1. Residues Lys159, Lys134: which one is within 18 Å of Leu37 (Cα to Cα), open to solvent by 60 Å² or more (accessible area, probe 1.4 Å) and either out of contact with any Cys (no Cβ under 7 Å at 6 or more places or on another chain) or at pLDDT below 95 (or both)?
2. Within the bounds of the range 76-85, is there any residue that is in contact with a Gly (Cβ under 6 Å, 6 or more places away or on another chain), within 13 Å of Ile156 (Cα to Cα), at pLDDT below 95 and surrounded by 13 or more Cβ atoms within 10 Å (Cβ to Cβ)?
3. Identify all residues within the range 53-87 that are under 13 Å from Gly107 (Cβ atoms) and over 10 Å from the mean Cα position of the chain (by Cα); write none if there are none.
Amino acid sequence: MSNTTTPPFGAMRRKEREIASREEIDGILAASTVMNLALSDNNVPFLVPVFFAFDGAAIYFHSAYGGTKMGILSRNSVVCFEVSVDQGVIESDAACDFEARHRTVIGFGKAVLVEEMAEKVKALDLIVARFTDKKFPYPQGSLDNTAVIRIEIDSIKGKKHGF
């Protein structure tokens, strides 16, 4: 997994806002529970928020097997994802000088359907752990009807402002 200059990323225009620390990027991924997932189908964009978990190497999310998201992923597995925390507004005395306060991670990767049951359960456990310390068994019927997708990250970049 690369950190910055792999396409489609170029050099960051505002270098002072770039997050260069992989530890800080991973911290942002750990701090949020919702990821915006961008897909493309025949050059038409589709954006959807999903609950997710990051295991230090890949990002996991779950879905029903049907629907727009899974249909697009079956035709085009290349994805872009965005996670943002600490959002706010930096006010100014001039209307055009307001700015966004944020810490954001954007990355690109390939979505892969998880088929091995142990990895699927591990991913679901990681997602559930974002919301509660409770441990839950997954009924076989629920496992059979739940798709788990792993994003193999090709590139990832972080940006912050107002900190």
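The values are calculated or read from the model by the stated rules, or taken from the named source; none is laboratory data. The model shown is predicted, which means the values in this text are computed figures rather than measured ones. Cβ atoms come from the backbone with ideal geometry, glycine included; neighbour counts cover every protein chain shown. Surface accessibility is based on the protein's heavy atoms, side chains included, excluding ligands, DNA and RNA. Shrake-Rupley method; radii C 1.70, N 1.55, O 1.52, S 1.80 Å.
1. Exactly one of Lys159, Lys134 is within 18 Å of Leu37 (Cα to Cα), open to solvent by 60 Å² or more (accessible area, probe 1.4 Å) and either out of contact with any Cys (no Cβ under 7 Å at 6 or more places or on another chain) or at pLDDT below 95 (or both), namely Lys159.
2. Taking every residue of the range 76-85 in turn, none turns out to be in contact with a Gly (Cβ under 6 Å, 6 or more places away or on another chain), within 13 Å of Ile156 (Cα to Cα), at pLDDT below 95 and surrounded by 13 or more Cβ atoms within 10 Å (Cβ to Cβ).
3. Hits for the range 53-87 are Ala57, Val78.
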